[in-house]
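Every number here is computed from the coordinates shown, using simple stated rules; none is lab data. Owing to the predicted nature of the structure, the values given are computational and were not obtained by experimental measurement. Note that we place each Cβ from the backbone using ideal geometry, even for glycine, and neighbour counts take in every protein chain shown.
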Amino acid sequence: MRKPTVLIGHPPFVYFFQDAVDASLPIKIGFARDVSGRLASAQTGYWRKLKILGVVRGEREKEEELHDRFVGARVFGEWFSPVPDLLDLILKEAKDLDVVLEEIRVNRDIFGPGSGVAL
């Protein structure tokens with residue numbers, strides 16, 4: 001079994017995964033520090049290719065808040081129908097993972113650890 005990646009100083013994210021081809025299929029709302037690793041793990045249990053729709057920075061409480069907010073759209077577990085309100089939230093609040101990680105890297109390069117700047 002693969003040991004989970006621990007990213008020191010890496011912020012936690014709430015992520016949104018969906019089938020890479022069929023946008024009518026459910027969206028997974030989950031929590032991870034290593035979103036790419038979590039995608040790889042989720043992919044092993046999903047019969048088609050998944051993609052990351054976006055991420056928002058946040059702790060597990062943010063994930064639970066979103067689960068509660070979209071409880072009426074829950075299909076199973078952490079999978080939710082792509083209802084307009086959920087799609088709107090992803091469009092307005094979520095960012096591309098690579099963009100967020102680059103922003104974090106640049107801020108760390110500029111401000112450095114111990115600068116008091118929240119990364």
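Report the equivalent ellipsoid semi-axes for segment 13-111 in whole Å, largest first, defined as the square roots of five times the eigenvalues of the gyration tensor built from alpha carbon atoms.
Ellipsoid semi-axes (Å, largest first): 23, 16, 12.
Using 7 Å Cα-to-Cβ label points, what is the Asp68/Val21 separation (nm, one decimal)?
The two pseudo-label positions are separated by 3.8 nm.
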